[in-house]
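Peer 1: Below are the structure tokens for one structure; questions will follow.
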Amino acid sequence: MKNADWSARDLAVLWHPCTQMKDHEQLPPVPIRRGQGVWLEDFDGNRYLDAISSWWVNLFGHGHPHINAALKDQLENLEHVLLAGFTHAPAIELAERLIRLAPAGFSRCFYADNGSSAVEVALKMSFHYWRNAGKSAKTRFVTLTNSYHGETLGALAVGDVPLYKQTYEPLLMKPLTVTSPDCYYREPGESWADHSRRKFADMASALTEHAGSVCAVIVEPLVQCAGGMRMYDPVYLSLLREACDRHGVHLIADEIAVGFGRTGTLFACEKAGIRPDFLCLSKGLTGGYLPLACVLTTAEVYAAFYDDYEKLRAFLHSHSYTGNALACRAALATLDLFERDDTLANNRSLAQVMAQAARGFEDHPHVAEVRQTGMILAIELVRDKATREPFAWRERRGFRAYRHALKRGVLLRPLGDVVYFMPPYVIAPDEIRFLADVAGEAIDMATKD
Ligand code: PMP
């Protein structure tokens, strides 16, 4: 069977995520036959460099021998068992390792099976903690403009990207929304740190005014990924931690996208030297192999739920695949690779290669900004470089770039008009340069006329 056969069968029965299906009349979905390292191969023998880690999940490439071997071994013993009343070695070992690796002070790991569910868990746990603590007036959450936390209704409610949220607004709880420290909007000559510090004033006044009714502030540390890879300085997180403590409000760090080395450190919060009350992890947790998520929290939070059954204080949230054994085993193998290969040190030099390869884009007449945090690099396309006037959204410039890059063997998937690189950590310097060359062509094609 060739690409065309699979695409036709697909389009007869599937409904794809994040897709206007009518677009497939022009550009059918690409059927992938196998993956190896940073490369995906289709049924016609074309290869695509996976420059976005298959939606930011893949860390060490497709088909990694160490993760494959761990999964084969796990399959021989236990594929899955419910995690209520039962347990298994991979779930226990993974919780132990995550608590050891995360910022000091976590003592509990609650599993879920995808990122949005982890966000739901953190929101519910925070609300329920305050209720168990006798503070039932705390019912609201504070979020940042342009944030994204997933697409189940609770997670969608605390996000702020209109493309995903607007339609469902009547169904959603109402958070308090505070201006993001997004450094794209800094004044000329202003540093990221100064801008982020200045923007904290909005958060400070929201907390001063509303702390009595607020359960938690939820943020994506350092990079608002789905919001167009918008970035800010760690000082914002330090100020936020301090203010949350002062006002008796939880801090939820959604590191679903930025965790596991994307920003340079294993967890983005490390850059600010802070520990949130809830740390949400998913995506790279299993190296991109299987769906799994978890929320790390503290002894203090845990203690507020620990009581005699009749007190009805338990956290009864559950998903069928909570702590799936195969997924936990893939996660353990992924953590092995961080230790074995000294990944974070290697990423520092890869990040420099990315910076160098993208340097030329700064002078492009339709590029407003090239920004980077660790292994995430983004190129913001605009109609007018001087005023930063964006392209009209109907022109779908990013989509044009996507189509061109695919033809040249690169899977880029711009967010609106933001082209970005977030590759697996096994990418070679030459592959980064190839990726940047193709991105350059794609940007030229997408921005002309
Ligand atoms: N939070 C953040 C920061 C994310 O980037 C995402 C996914 N893009 C999610 C939550 C939701 O994760 P999932 O898609 O696994 O539900």
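Peer 1: Residue check: is Ala211 at pLDDT 95 or above, crowded, with 19+ Cβ neighbours inside 10 Å and outside any loop (DSSP other than H, G, I, E, B)?
Peer 2: When the stated conditions are applied, Ala211 does not pass them.
Peer 1: Which members of segment 209-251 meet the condition of being farther than 23 Å from Thr373 by Cα and within 16 Å of the ligand (Cβ to nearest atom)?
Peer 2: Ala216, the sole residue that qualifies.
Peer 1: I need the full set of residues from segment 89-140 which are of a type in the set (Val, Ile, Thr) and either in contact (Cβ under 8 Å) with a residue 24 or more places away in the chain or within 16 Å of the ligand (Cβ to nearest atom) (or both), in order please.
Peer 2: Matches in segment 89-140: Ile99, Val119, Val121, Thr139.
Peer 1: As an exercise: evaluate Leu237 against (1) assigned to a loop (DSSP other than H, G, I, E, B); (2) surrounded by 17 or more Cβ atoms within 10 Å (Cβ to Cβ); (3) free of Cβ contacts under 8 Å to residues at least 40 places away in the same chain and give the number of the one condition it does not meet.
Peer 2: Result: Leu237 passes all but (1).
Peer 1: Using the structure shown, decide if Val295 is away from the ligand (no atom under 16 Å from the Cβ) and either open to solvent by less than 10 Å² (accessible area, probe 1.4 Å) or among the acidic types (Asp, Glu) (or both).
Peer 2: Details: away from the ligand (no atom under 16 Å from the Cβ): no; either open to solvent by less than 10 Å² (accessible area, probe 1.4 Å) or among the acidic types (Asp, Glu) (or both): yes.
Taking the combined requirement at face value, the residue does not satisfy it.
Peer 1: Might you check whether a residue that is of a type outside the set (Lys, Arg), surrounded by fewer than 22 Cβ atoms within 10 Å (Cβ to Cβ) and touching a Leu at 6+ places or on another chain (Cβ under 7 Å) occurs anywhere in segment 135-153?
Peer 2: Scanning segment 135-153, I find at least one residue that is of a type outside the set (Lys, Arg), surrounded by fewer than 22 Cβ atoms within 10 Å (Cβ to Cβ) and touching a Leu at 6+ places or on another chain (Cβ under 7 Å), so the answer is yes.
Peer 1: With the requirement that a residue be in contact with a helix residue (DSSP H, G or I) (Cβ under 7 Å, 6 or more places away or on another chain) and at negative phi, what does segment 302-323 give you?
Peer 2: Ala304, Phe305, Arg313, Phe315, His317, His319
Peer 1: Given the options Asp202, Asp182, Asp194, Asp245, name the one that is in contact with a Lys or Arg (Cβ under 6 Å, 6 or more places away or on another chain) and farther than 23 Å from Gly288 by Cα.
Peer 2: Exactly one residue qualifies, and that residue is Asp182.
Peer 1: Output the residues belonging to segment 395-421 that are open to solvent by less than 40 Å² (accessible area, probe 1.4 Å) and farther than 16 Å from Trp39 by Cβ.
Peer 2: Across segment 395-421, the qualifying residues are Arg397, Gly398, Ala401, His404, Pro414, Leu415, Asp417, Val418, Val419, Tyr420.
Peer 1: I've got another one for you. How many residues are of a type in the set (A, V, I, L, M), within 16 Å of the ligand (Cβ to nearest atom) and either closer than 28 Å to Lys135 by Cα or surrounded by fewer than 20 Cβ atoms within 10 Å (Cβ to Cβ) (or both) if we restrict to segment 265-289?
Peer 2: The number of residues fulfilling the criteria is 2.
Peer 1: Being of a type in the set (Gly, Ala, Ser) and not in a helix (DSSP H, G or I) is the filter here; which residues of segment 425-449 pass it?
Peer 2: Ala428
Peer 1: So, in segment 110-141, of the ones that are among the hydrophobic types (A, V, I, L, M, F, W, C) and over 19 Å from the mean Cα position of the chain (by Cα), which residue ends up farthest from His319 (Cα to Cα)?
Peer 2: Taking the candidates together, the pick is Ala137.
Peer 1: Turning to a different aspect of this structure: Is it true that Leu312 is more than 30 Å from Trp39 (Cβ to Cβ) and within 15 Å of the ligand (Cβ to nearest atom)?
Peer 2: So Leu312 does not fit the description; no.
Peer 1: For the structure I just gave you, tell me whether Leu316 is at pLDDT 95 or above, open to solvent by 20 Å² or more (accessible area, probe 1.4 Å), more than 30 Å from Leu75 (Cβ to Cβ) and in a loop (DSSP other than H, G, I, E, B).
Peer 2: yes
Peer 1: For segment 1-111, which helices (runs of 4 or more DSSP H) that fit wholly inside it have 2 or more residues that are open to solvent by 70 Å² or more (accessible area, probe 1.4 Å)?
Peer 2: It comes to 3-13, 65-77, 89-101.
Peer 1: In segment 174-216, what residues are touching a helix residue (DSSP H, G or I) at 6+ places or on another chain (Cβ under 6 Å) and more than 26 Å from Ala133 (Cβ to Cβ)?
Peer 2: Thr179, Pro181, Cys183, Arg186, Trp192, Ala193, His195, Ser196, Arg197, Phe200
The values are calculated or read from the model by the stated rules, or taken from the named source; none is laboratory data. Fair warning: this is a prediction, and the values are worked out from it, not measured in the lab. Positions of Cβ are backbone-derived with ideal geometry, glycine not excepted, and every protein chain shown enters the neighbour counts. Ligands, DNA and RNA are stripped out before the accessible areas are found, and what is left, the full protein with its side chains, is counted by its heavy atoms. Shrake-Rupley method; radii C 1.70, N 1.55, O 1.52, S 1.80 Å.
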